[in-house]
Amino acid sequence: MHRASRRTLIAALLSVTVVVVASVAAQAQVLPVTYKNSLYTLTYDAAQRLLIASSDNTECVWRTEISRGIESFNDIAAVATPAGPVIVYSEGNLQTKFALPHFRTGHLSVENSNEPLTGVVGPGRLLNCLFQVEDYGAKMICQLLESSGNMREYKYDINMWGTHQCIETSDPQPWSAGATPLSARVVNSALKFQLDVPQGFRHTQVDETSFAMYGPTNDVFMTVFSDAGGSPIEELGEAYMTELGVSIQHRSMETLDTGEPAYLLMGTGTINEVASLHVALVYSNGAHTWVLAYTGRQDLGQTYVDSFMGVLNSFNPL
């Protein structure tokens, strides 16, 4: 977004977000992942570059060290499955790895066969990872940034028996870097904007009016809705939140540094029957209007709100 009454906008966004998620008391370096009634917690210690996975599920309490070589919380992606949490992480720029701690014990090998529940995705830094949960683990698609500056995509099948498979590896593809570390610069001429997609998020154009960025765990994503019509920004923002079933808890009109108005809304709702936080900013340059929105589980707290701020800061109309 134009570098705009930035202080006011950020202060409004973060202060209201704190109020909305205060009951969660989430910490920035903790990532909870859930599957039905199972909850696993990933805890990252930046000083030690340490990642711990833990379970407090009934009769399945455990704590397992995953890695001591992770440089950033953004180098982690994870999802909960019936077999346990599937975790993907980078150790510096050298390698991206995966782990599936057993749901009962947290062990990183199969009890009888000693087959490993860990492995290497490929060389390079994790850019993003999408998961499809299966009864035995997960299918996943990861994009890694190689030392050459190219991106390569890997498709994997991770399972609780330790017989993991790399299904497909793409040829290297050019990577257009954004302004922030490991973000991707995207120019969308159809929807009339350009922005940086933050590390951890994978982008795709959904249809002729919508662009989505899917996050590093389930039920967290960002969207850009493009409207070529002349709808007032307040009307468009209210309609957008109403369509999602959001209970709006904050509304404010912000002013960009260009003098143009932007309408900020925040509230709570549900996504896949889980409590969720929603933020939307509606902006128009006169010729075009955009809704930039964040949706995430409430138990994630502000973990990925900073990523959304990065999108807002980088957004510019074409």
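Figure legend. Inter-residue proximity from the range 60-78: first residues more than 24 Å from Ser307 (Cα to Cα) and touching a residue at least 24 places away in the same chain (Cβ under 8 Å), second residues assigned to a loop (DSSP other than H, G, I, E, B) and β-branched (Val, Ile, Thr), beta-carbon distance below 7 Å, spacing 6+ or different chains. Indicated pairs: Trp62/Thr105. How about the range 77-105: which of its residues are assigned to a strand (DSSP E or B), more than 15 Å from Gly119 (Cβ to Cβ) and among the polar types (S, T, N, Q)? The one that is assigned to a strand (DSSP E or B), more than 15 Å from Gly119 (Cβ to Cβ) and among the polar types (S, T, N, Q): Thr81. Does Leu182 satisfy the condition of being at positive phi and of a type outside the set (Asp, Glu)? The answer is yes for Leu182.
Give just the number: which of (1) surrounded by fewer than 22 Cβ atoms within 10 Å (Cβ to Cβ); (2) under 26 Å from Gly106 (Cα atoms) does Asn128 not satisfy? Evaluating Asn128 over (1) surrounded by fewer than 22 Cβ atoms within 10 Å (Cβ to Cβ); (2) under 26 Å from Gly106 (Cα atoms) leaves (1) as the failure. Of the strands (runs of 3 or more DSSP E) lying entirely inside the range 194-286, none contains at least 2 residues that are of a type in the set (Ser, Thr, Tyr), assigned by TED's automatic domain parsing to the domain that holds Glu71 and modelled with pLDDT under 95. Name the residues in the range 81-128 that are among the β-branched types (Val, Ile, Thr) and either touching a residue at least 40 places away in the same chain (Cβ under 8 Å) or closer than 20 Å to Ser147 by Cβ (or both), would you? Listed by number, the residues that qualify are Thr81, Val86, Ile87, Val88, Thr96, Thr105, Val110, Val120, Val121.
Answer with yes or no whether Val121 is under 23 Å from the mean Cα position of the chain (by Cα), hydrophobic (A, V, I, L, M, F, W, C) and over 16 Å from Gly84 (Cα atoms). Answer is yes for this residue.
Leu144: crowded, with 20+ Cβ neighbours inside 10 Å and under 24 Å from Leu39 (Cβ atoms), yes or no? Here the answer is no, as Leu144 does not meet what is asked.
Based on this model, can you work out whether Glu254 counts as over 26 Å from Gln29 (Cβ atoms) and either surrounded by 17 or more Cβ atoms within 10 Å (Cβ to Cβ) or under 21 Å from the mean Cα position of the chain (by Cα) (or both)? In short, yes.
The values are calculated or read from the model by the stated rules, or taken from the named source; none is laboratory data. All figures in this text were calculated on a predicted structure; none of them were measured in a lab. Heads up, the Cβs are rebuilt from the backbone with ideal geometry, glycines too, and the neighbour counts pull from every protein chain shown.
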